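A.B. asks: Mind having a look at this structure? Questions to follow.
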Amino acid sequence: MSSTWNNLGLHLSIFGESHGNGIGVVLDGIPGGTPINLDELNHFMQRRAPGHSSTSTRRKESDQPEILSGVLQQDGTPFAVACGTPIAAVIRNTDTHSADYEQMSTLARPGHGDYTGHLRYHGCNDPRGGGHFSARLTAPLVFAGGICKQLLALKGIRIGAHVLQIGSIQDTFFDPHSIPEVLFDTIAGKAFPVIDNDAGKQMITAIEDARLDQNSLGGIVECAVTGMPAGVGDPIFGGIENVISSAIFGIPAVKGVSFGAGFDFAEMTGAQANDPFYMDGDEIKTSTNNAGGILGGITTGMPVLVKAAFKPTPSISRPQHTVDFKNRTDAILEIKGRHDPCVVPRAVPCVEAAVAVAMASFLIHN
Ligand SMILES: Cc1cc2nc3c(=O)[nH]c(=O)nc-3n(C[C@H](O)[C@H](O)[C@H](O)COP(=O)(O)O)c2cc1C
């Protein structure tokens, strides 16, 4: 099972199952002496945790990480430092309703990894709550990404994301040329992380309507990195796009990743697509940023812009056609349990975390 990610000396290994004893992460490569604010880390994790809004699953998990190693905390304060050794953390599972998943050891939930996981692991995978395939495993990713975000902030690099689209409803885009830090903080402080609150209200209504219709919605998260120095990354397989994509595809339900103008490039001419260079005092900048801050796999110094497309939540409560993959018969499935009618709002910090891990890996030894 490949639940380990690494790039240029930063290693991340995620373990656990949704309805087992717990889930967790080992993060190796964070330099000794890196300050870690545990309150800030906890706040970041709470942005992903379930049960906080009508658009998320009602599963209640405190998502409180227990740090086992690699961090020295100053007694009674939220201030800690990384030791330079592997940072290990575990998050206990508490609110598990395994009975909701009994039928899943034989019935393939459409849109889930039950059937493929059964094939790949010869029926030995834990099917309860999706086991290791569950989006609960994004909590350890967010823990690791939260530490990487704090490391990057020390170098003036900030990462923020928002819900860009739900169904056909769109939020305002980040300004590709320049994004004020305060915008990231404003979005992060919102229960529904959008730039335009009116668009956000329409999205919430659309998600609620889908839930009442026993259905679900997908959408897009837009993420930006500001303050990235120019000249970071490599061509061919070690590029910023390669490394960010591989981390983002570690988030369940991601089906597309694009950079800058992305798929819109297909409809542009070269004259429209190219970003003209200019001197801004001593700095070299581009007047547009269709490239999303990356040329030849290497940062230009402009904001790095990435979008991740999420499919609609696969667990919907209306009856669905499926098969019993052990008895090889057709079947009708009615999914019980608690589910996000749209995964996109809770995926926002997950995307920030994946991008933070990727960016930190480039900068730790730079
Ligand atoms: C933050 C987040 C929460 C999710 N919550 C649910 C959920 O409540 N119910 C569900 O069926 N899928 C949920 N998913 C998506 C599934 O985990 C995912 O679609 C499934 O494991 C199959 O993986 P794949 O879509 O990557 O192929 C969630 C995904 C994310 C990122």
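The values are calculated or read from the model by the stated rules, or taken from the named source; none is laboratory data. Note that this is a predicted model, so its numbers are computed, not measured. Positions of Cβ are backbone-derived with ideal geometry, glycine not excepted, and every protein chain shown enters the neighbour counts.
A.B. asks: Among the residues of region 216-261, which ones are part of a loop (DSSP other than H, G, I, E, B), within 16 Å of the ligand (Cβ to nearest atom) and on the phi < 0 side of the Ramachandran plot?
C.D. replies: Across region 216-261, the qualifying residues are 216, 218, 249, 250, 251, 252.
A.B. asks: Here's something else I'd like to know. Among the residues of region 138-168, write down those that are over 26 Å from residue 293 (Cα atoms), touching a residue at least 24 places away in the same chain (Cβ under 8 Å) and surrounded by fewer than 24 Cβ atoms within 10 Å (Cβ to Cβ).
C.D. replies: 167
A.B. asks: Related question: Residue 291 - would you say it is within 11 Å of the ligand (Cβ to nearest atom) and over 25 Å from residue 206 (Cβ atoms)? Walk me through how you get there before you give the answer.
C.D. replies: Working: within 11 Å of the ligand (Cβ to nearest atom): no; over 25 Å from residue 206 (Cβ atoms): yes.
No.
A.B. asks: If you go through region 336-344 one residue at a time, do you hit one that is β-branched (Val, Ile, Thr), out of contact with any helix residue (DSSP H, G or I) (no Cβ under 8 Å at 6 or more places or on another chain) and modelled with pLDDT of 95 or more?
C.D. replies: Within region 336-344 (the criterion being β-branched (Val, Ile, Thr), out of contact with any helix residue (DSSP H, G or I) (no Cβ under 8 Å at 6 or more places or on another chain) and modelled with pLDDT of 95 or more), the answer is yes, since at least one residue qualifies.
A.B. asks: Looking at (1) surrounded by fewer than 18 Cβ atoms within 10 Å (Cβ to Cβ); (2) out of contact with any strand residue (DSSP E or B) (no Cβ under 7 Å at 6 or more places or on another chain), which one does residue 335 not meet, given that it meets all the others?
C.D. replies: It fails just one condition, (1).
A.B. asks: What pairs come out if I take residues in region 293-320 that are part of a loop (DSSP other than H, G, I, E, B) and pair them with residues that are of a type in the set (Asp, Glu) and within 11 Å of the ligand (Cβ to nearest atom) whose C-beta lies under 7 Å away, six or more apart or interchain?
C.D. replies: Cβ pairs passing all conditions: 313/340.
A.B. asks: Moving on to the next point. How many residues does region 1-34 contain that are farther than 14 Å from residue 87 by Cβ and among the β-branched types (Val, Ile, Thr)?
C.D. replies: Number satisfying all stated conditions: 2.
A.B. asks: Which of the residues that make up region 322-359 are free of Cβ contacts under 8 Å to residues at least 40 places away in the same chain, under 30 Å from residue 212 (Cβ atoms) and not in a loop (DSSP other than H, G, I, E, B)?
C.D. replies: Matches in region 322-359: 330, 332.
A.B. asks: Kindly indicate the residue of region 207-226 that is within 22 Å of the chain's Cα centre (by Cα) and more than 19 Å from residue 173 (Cβ to Cβ) and also surrounded by the most Cβ atoms within 10 Å (Cβ to Cβ) among those meeting that condition.
C.D. replies: Among those that are within 22 Å of the chain's Cα centre (by Cα) and more than 19 Å from residue 173 (Cβ to Cβ), it is 207.
A.B. asks: Quick one: residue 365 ticks every box in (1) modelled with pLDDT under 95; (2) within 16 Å of the ligand (Cβ to nearest atom); (3) within 29 Å of residue 43 (Cβ to Cβ) except a single one, so which number is it?
C.D. replies: (2)
A.B. asks: How about region 82-195: which helices (runs of 4 or more DSSP H) wholly inside it have at least 2 residues that are within 16 Å of the ligand (Cβ to nearest atom)?
C.D. replies: Ranges flagged: 114-120, 138-154.
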